[in-house]
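Here's the structure, in structure tokens; my notes come after.
Read-outs throughout are calculated quantities, based only on the coordinates presented, and are distinct from any laboratory measurement. Note that the structure is predicted; figures quoted are calculated from it, not measured. Backbone-built Cβ (ideal geometry, glycine too); neighbour counts: all protein chains shown.
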Amino acid sequence: MNIGTDAPEFSLNDGDGNDWSLAEHRGKTVVLLFYPGDNTPVCTAQLCSVRDHWSEYQATGAEVVGISTDTVASHKGFAEKNELPLRLLSDADGKVSEAYGMKSWLPGRSARGVVVIDKEGKIAYHKVQALSLFRPADADVLAAIKKAN
């Protein structure tokens with residue numbers, strides 16, 4: 001993915017089974033937090049850190065969502081268990097992860113990474129974690145959001 005290119009359109013279901021579409025959020029900065037799987041140590045730490053910094057994320061005005069290949073039911077349980085304030089989207093077939101360059105070396109999983117899409121629907125930030133053992137720093141993600149705004 002190149003900075004400044006159009007973000008691929010997509011629509012996925014969240015943990016409540018509701019449809020979430022990128023097109024419906026045009027005009028707003030959107031943050032896609034790709035992660036390998038619910039209820040794993042690093043992913044739990046990553047999303048709980050977002051939860052713990054949620055007021056900072058909200059202050060940016062960005063729409064922040066998590067995306068993994070886990071099921072809608074898995075996302076619902078994971079979000080409830082960890083009191084996560086963000087929507088978790090199910091990319092069960094991995095097509096969105098692949099479209100955004102987040103294909104993992106783990107079969108059937110997404111890579112860990114962050115994509116920030118600006119208000120015009122262009123890629124403003126794209127980073128794939130080289131090793132899935134390390135989560136993105138909230139400060140880096142927040143700085144990328146502020147730059148895209």
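The charge dipole of the chain, taken about the Cα centre with unit charges on the Cβ atoms of Lys, Arg (+1) and Asp, Glu (-1), comes to about 400 debye, rounded to the nearest 20. Of the residues Cys48, Cys43, the one with the fewest other Cβ atoms within 10 Å heads the list, and the complete ranking is Cys48, Cys43. Less than 5 angstrom separates the built amide H of Lys103 from those of Ala111, all sequence-distant by 5 or more or on a different chain. In order along the range 99-106, phi translates into HN-Hα couplings of 4, 9, x, 10, 6, 8, 6, 7 Hz, rounded to whole numbers, per the Karplus curve 6.51 cos²θ - 1.76 cosθ + 1.60 with θ = phi - 60° and x for Gly and Pro. Binning all Cα-Cα separations of the chain at 10 Å, short to long from zero, yields these whole-percent fractions: 12, 47, 38, 3. Just checking the listed ones, Ala73, Ala111, Ala124: in the Gaussian network model of the chain with Cα springs under 10 Å, the one fluctuating most is Ala73. Going by Cα centres, the range 47-104 and the range 1-46 are how many Å apart? Going from one Cα centre to the other spans 6 Å. Largest first and in whole Å, the equivalent-ellipsoid semi-axes of the range 67-135 read 20, 16, 13, each the square root of five times a Cα gyration tensor eigenvalue. Taking only the alpha carbons of the range 97-149, we obtain Rg and Dmax values of 11.8, 35 Å in that order. Residue-wise HN-Hα couplings along the range 111-124, as the Karplus relation 6.51 cos²θ - 1.76 cosθ + 1.60 with θ = phi - 60° gives them from phi, are 6, 8, x, 10, 10, 10, 10, 6, 5, 8, x, 9, 5, 9 Hz; Gly and Pro carry x.
Electrostatic tally near Ser110: other residues with Cβ closer than 12 Å to its Cβ, Lys and Arg +1, Asp and Glu -1, net -1. Legend: ranking of residues Ser68, Ser49, Ser110, Ser104 from fewest to most surrounding C-beta atoms inside 10 Å; resulting order Ser49, Ser104, Ser110, Ser68.
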